[in-house]
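The values are calculated or read from the model by the stated rules, or taken from the named source; none is laboratory data. The structure presented is a predicted model; accordingly, all values stated were derived computationally and were not measured. Note: ideal-geometry Cβ built from the backbone for every residue, glycine included; neighbour counts use all protein chains shown.
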């Protein structure tokens with residue numbers, strides 16, 4: 001089976017689109033939680049082919065976008081320390097912190113390196129024994145197990161110069177916070193695919209049960225999302241609310257037990273600050289006591305500059321699904337992918353970036 | 001000879017002469033270079049095409065090529081994209097001290113081989129050696145000269161509504177092949193760079209029809225950026241169809257993994273041609289007969305409305321904007 005082209009076949013898409021048009025009678029608002037889904041939706045112009053009864057809103061599922069400025073400022077402060085190598089996933093480089101970005105401090109001489117996995121960061125640590133290598137642990141449940149594994153590896157291989165700045169976030173608690181705020185009324189939730197590959201579909205049950213909102217876990221190809229929307233429509237029209245999986249090739253209801261065990265072993269839940277949403281209890285991950293010496297905040301003495309949010313930027317409202325990028329006065333004018341003001345414009349999975357790059361007069 | 005390049009190799013003294021004579025003059029054997037005068041003197045008649053480029057690729061060896069092959073192909077292709085027959089190249093090496101002589105020899109060998117295939121001569125050159133850390137192993141700067149045949153007038157501002165857009169083959173091969181070797185990102189793939197000199201392909205196309213409006217090689221920034229350049233320069237819009245753009249399954253897979261769009265990934269052996277509709281099939285047939293155009297396809301057409309825009313029909317039948325690349329391609333988090 002071909003895992004990509006099979007899921008982009010236009011004749012199959014056509015069939016699903018007609019089925020959705022036939023089935024959808026009730027006006028509904030569905031949220032795609034995950035930024036990866038937002039990108040697929042815009043990249044393939046999915047909103048254009050859905051019936052008018054279905055309104056799609058984007059959620060806060062972009063790890064870069066929801067990282068609080070105060071946390072980004074810590075990363076900047078760490079990068080300015082002598083003999084430190086910052087390792088990070090690529091899309092963190094351009095994100096504006098309060099006063100700078102990793103891209104800018106790199107140009108000023110900081111040693112900032114893009115890696116694809118923590119394994120590569122460990123290799124850099126081994127090759128540079130006189131330097132401290134700090135990995136910026138930003139991401140959801142998807143990336144947390146690999147970072148946990150790297151910590152255990154570092155211990156096993158006696159790598160003493162490897163540290164983590166953990167700003168990991170957990171998805172189910174923030175969805176609860178969003179729903180409890182009552183700001184946005186939803187009739188269906190497209191649950192994140194990669195996150196669910198780790199945690200399974202069970203952790204979403206509370207949404208269907210307590211809030212009567214249909215939930216379907218989706219993959220990232222256009223056919224995945226169409227199938228997911230079709231399943232959500234079917235639940236709505238049948239008056240049901242349950243959790244289903246439209247991404248069987250990636251997600252099992254119980255999740256990935258090995259990965260969950262790794263997270264549990266190394267991390268413990270803690271309160272976390274989400275941009276635009278505020279502090280959400282038990283929605284972050286910090287290193288457990290026995291691994292605390294590897295936590296960059298403990299190992300290094302830093303004084304980040306006071307956090308500052310750019311005026312006029314409504315990334316926070318957009319992340320809560322209350323406003324759309326085109327509601328922002330800065331969108332496409334003062335804030336573009338070349339000169340981003342807020343993180344939603346810079347992250348490849350940010351709503352503003354997806355609107356700007358794929359939308360214009362044609363998408364949306 | 002020393003087994004590593006030393007600062008002395010760039011000093012202009014004996015070691016420098018030895019390097020030039022034994023490594024370069026021998027490999028690139030041609031009378032113009034062998035004279036070792038301060039400049040090469042040549043006769044020309046007709047319209048000249050003149051271009052320059054610099055190569056800093058890392059790593060310097062990658063699947064399907066190396067920095068030497070890339071330098072020749074890149075320069076030759078820039079000449080070919082104005083319809084010129086590439087003739088002469090200059091080559092300047094900026095070498096980081098400590099580069100193994102073997103590696104330099106291998107690169108010089110591939111420059112020679114590629115130049116021979118492309119039918120160009122290296123007629124002048126320069127060598128500098130810099131302190132460790134001042135360059136990343138090896139940088140190459142080139143210039144190239146070619147002659148534009150009579151009746152050929154190719155430019156980025158000549159796309160006209162109704163023209164067809166032809167792509168010479170699969171996109172993204174070079175970018176993904178190079179990325180797969182980079183420190184911190186290495187992943188395994190069978191993919192090779194498409195790095196190739198396109199002079200012979202362009203000559204075939206011009207034989208089929210000299211009335212080609214635009215030619216461009218979608219290198220950095222990929223197909224999307226090239227089409228945007230053409231749309232802006234010609235003040236037209238370009239409409240393409242996703243389903244018609246050839247992309248290898250391996251490239252699609254790597255792009256999914258890294259969060260890239262193949263439309264933005266670099267190519268080094270592909271070209272985009274904008275041609276009058278009436279000539280499109282004839283040019284396409286000629287392209288497919290050349291080894292570097294076997295996968296050529298008509299991917300879209302030029303329209304008058306929304307000048308400066310590139311719009312793509314997706315596999316869902318919807319349309320979306322295809323913008324220029326912003327900044328660098330950077331792998332995503334999840």
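Quick check on my filter: what residues within the stretch B:269-299 are assigned to a helix (DSSP H, G or I) and touching a residue at least 60 places away in the same chain (Cβ under 8 Å)? Of everything in the stretch B:269-299, those that are assigned to a helix (DSSP H, G or I) and touching a residue at least 60 places away in the same chain (Cβ under 8 Å) turn out to be B:277, B:279, B:280, B:282, B:283, B:284, B:285, B:286, B:287. Among the residues of the stretch B:213-251, those identified as out of contact with any strand residue (DSSP E or B) (no Cβ under 6 Å at 6 or more places or on another chain), assigned to a helix (DSSP H, G or I) and in contact (Cβ under 8 Å) with a residue 12 or more places away in the chain are B:222, B:223, B:224, B:225, B:229, B:232, B:233, B:234, B:243, B:250, B:251. Within the stretch B:168-175, none of the residues are under 24 Å from residue B:297 (Cα atoms) and over 16 Å from the mean Cα position of the chain (by Cα). Selection of the stretch B:111-123 for residues being surrounded by fewer than 21 Cβ atoms within 10 Å (Cβ to Cβ) and touching a strand residue (DSSP E or B) at 6+ places or on another chain (Cβ under 9 Å) yields B:112, B:119, B:121. All conditions but one from (1) in contact with a strand residue (DSSP E or B) (Cβ under 9 Å, 6 or more places away or on another chain); (2) within 14 Å of chain B (Cβ to nearest Cβ); (3) in contact (Cβ under 8 Å) with a residue 24 or more places away in the chain apply to residue A:93; the one that does not is (3). Residues in the stretch B:223-234: is at least one closer than 22 Å to residue A:91 by Cβ and more than 19 Å from the chain's Cα centre (by Cα)? No, every residue in the stretch B:223-234 fails to be closer than 22 Å to residue A:91 by Cβ and more than 19 Å from the chain's Cα centre (by Cα).
For the stretch B:252-268, the set of residues classified as in a helix (DSSP H, G or I) and over 19 Å from the mean Cα position of the chain (by Cα) consists of B:252, B:253, B:254, B:255, B:256, B:257, B:258, listed by residue number. Within the stretch A:194-205, the set of residues being surrounded by 16 or more Cβ atoms within 10 Å (Cβ to Cβ), at negative phi and at pLDDT 95 or above comprises A:195, A:196, A:197, A:198, A:199, A:201, A:203, A:204.
Going residue by residue through the stretch B:200-207, is there one that turns out to be touching a helix residue (DSSP H, G or I) at 6+ places or on another chain (Cβ under 8 Å), surrounded by fewer than 23 Cβ atoms within 10 Å (Cβ to Cβ) and either within 14 Å of chain A (Cβ to nearest Cβ) or assigned to a loop (DSSP other than H, G, I, E, B) (or both)? No, the stretch B:200-207 contains no residue that is touching a helix residue (DSSP H, G or I) at 6+ places or on another chain (Cβ under 8 Å), surrounded by fewer than 23 Cβ atoms within 10 Å (Cβ to Cβ) and either within 14 Å of chain A (Cβ to nearest Cβ) or assigned to a loop (DSSP other than H, G, I, E, B) (or both). Number of residues in the stretch B:69-116 that are in a helix (DSSP H, G or I), over 18 Å from residue B:145 (Cα atoms) and touching a helix residue (DSSP H, G or I) at 6+ places or on another chain (Cβ under 9 Å): the value is 9. Before we move on, is residue B:275 buried (at least 21 other Cβ atoms within 10 Å of the Cβ), within 18 Å of residue B:168 (Cα to Cα) and either in contact with a helix residue (DSSP H, G or I) (Cβ under 6 Å, 6 or more places away or on another chain) or within 13 Å of chain A (Cβ to nearest Cβ) (or both)? Considered against the rule, which asks whether it is buried (at least 21 other Cβ atoms within 10 Å of the Cβ), within 18 Å of residue B:168 (Cα to Cα) and either in contact with a helix residue (DSSP H, G or I) (Cβ under 6 Å, 6 or more places away or on another chain) or within 13 Å of chain A (Cβ to nearest Cβ) (or both), residue B:275 comes out as yes. Mind checking whether some residue in the stretch A:39-56 is crowded, with 24+ Cβ neighbours inside 10 Å, within 13 Å of chain B (Cβ to nearest Cβ) and more than 19 Å from residue B:321 (Cβ to Cβ)? There is no residue in the stretch A:39-56 that is crowded, with 24+ Cβ neighbours inside 10 Å, within 13 Å of chain B (Cβ to nearest Cβ) and more than 19 Å from residue B:321 (Cβ to Cβ).
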